[in-house]
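My questions will all concern the structure given below.
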Amino acid sequence: MRLPAALTSLFLGCASTTALPSLEAEDAGAADARSEARDASMSDAGARDLSEDLSGSDDPIGEFCVPQVVPDPNGFAPGGLFLETGSPACGGGVCIVYNDYPEAMSLDPRDTREACEARGDAECDGLPDQALLDAVLYCTCRCGGPVEDPSRYCACPEAFSCVANVVGGSDPDLAGDYCIRIVPELGIP
């Protein structure tokens, strides 16, 4: 499967698409507290080139990822979907934020409940915990689409479902079905 060489971000269902600086541009102290999981996921997957074929067994599908751009100052809007292609955290593949489920909340992967509590802040209740971020931010792949060429698509691994028409439109490199993590406690999918 050929992916665009450049980093591409696609916002679907988000009220705002104001780009924020990448996570690397954050205050060094704040970034350190929030980047351990992201760095761990990138260490194994960061150098992998997925532009040839996403159907191999060593793909990072399901690995935690954090997009380089957060679309809104409050994070990812509830009811929205965000795709980043060419994601370094996914070895050049696709990082998805699937924030489209009942009782979704704004998600800002730069701050978790655990990091807030570690800082000693008093107001941490409205922040997502790392388990929630792990459930809805992950590397994915297209499992179907407008082009009748099975070599362009992947097979979804266990605990994932191939959800039809996640991305609409006619762009043959983006449009189609994607592997979405099944999370029954969140109602996904």
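The values are calculated or read from the model by the stated rules, or taken from the named source; none is laboratory data. The structure displayed is predicted, hence computed values, not measured ones. Cβ sites come from the backbone with ideal geometry, for glycine too, and all protein chains shown count toward neighbours.
Would you mind stating whether Glu114 is part of a loop (DSSP other than H, G, I, E, B), in contact with a helix residue (DSSP H, G or I) (Cβ under 8 Å, 6 or more places away or on another chain) and charged (D, E, K, R)?
Against the criterion (part of a loop (DSSP other than H, G, I, E, B), in contact with a helix residue (DSSP H, G or I) (Cβ under 8 Å, 6 or more places away or on another chain) and charged (D, E, K, R)), Glu114 does not qualify.
Continuing with the same structure: Considering only residues that are of a type in the set (S, T, N, Q), surrounded by 20 or more Cβ atoms within 10 Å (Cβ to Cβ) and without any contact (Cβ under 8 Å) to a residue 40 or more places away in the chain, which ones fall in region 83-126?
Answer for region 83-126, where residues must be of a type in the set (S, T, N, Q), surrounded by 20 or more Cβ atoms within 10 Å (Cβ to Cβ) and without any contact (Cβ under 8 Å) to a residue 40 or more places away in the chain: just Asn99.
Follow-up question, since we're still on this one. Go through (1) free of Cβ contacts under 8 Å to residues at least 12 places away in the same chain; (2) of a type in the set (D, E, K, R); (3) outside any loop (DSSP other than H, G, I, E, B); (4) closer than 16 Å to Pro189 by Cβ and name the single condition Glu158 misses.
(3)
Next question. Please pick out the residue among Ala89, Ala135, Ala131, Ala164 that is assigned to a helix (DSSP H, G or I), of a type in the set (A, V, I, L, M, F, W, C), more than 18 Å from Pro60 (Cβ to Cβ) and modelled with pLDDT of 90 or more.
Selected residue: Ala131, the only one of Ala89, Ala135, Ala131, Ala164 that is assigned to a helix (DSSP H, G or I), of a type in the set (A, V, I, L, M, F, W, C), more than 18 Å from Pro60 (Cβ to Cβ) and modelled with pLDDT of 90 or more.
Ok, one more. Hey, any hits in region 131-140 for a residue that's over 21 Å from Cys65 (Cβ atoms), of a type outside the set (S, T, N, Q) and surrounded by fewer than 15 Cβ atoms within 10 Å (Cβ to Cβ)?
No.
Right, something else. Say we look at region 68-82 and pick out the residues that are within 15 Å of Asp111 (Cβ to Cβ) and without any contact (Cβ under 8 Å) to a residue 60 or more places away in the chain; which of these is surrounded by the fewest Cβ atoms within 10 Å (Cβ to Cβ)?
Out of the qualifying residues, it is Pro73.
Right, next: Criterion first (touching a Lys or Arg at 6+ places or on another chain (Cβ under 9 Å) and within 27 Å of Ala175 (Cβ to Cβ)) does Val136 satisfy it?
The answer is yes for Val136.
Does Cys179 satisfy being outside any helix (DSSP H, G or I) and more than 25 Å from Val69 (Cα to Cα)?
No.
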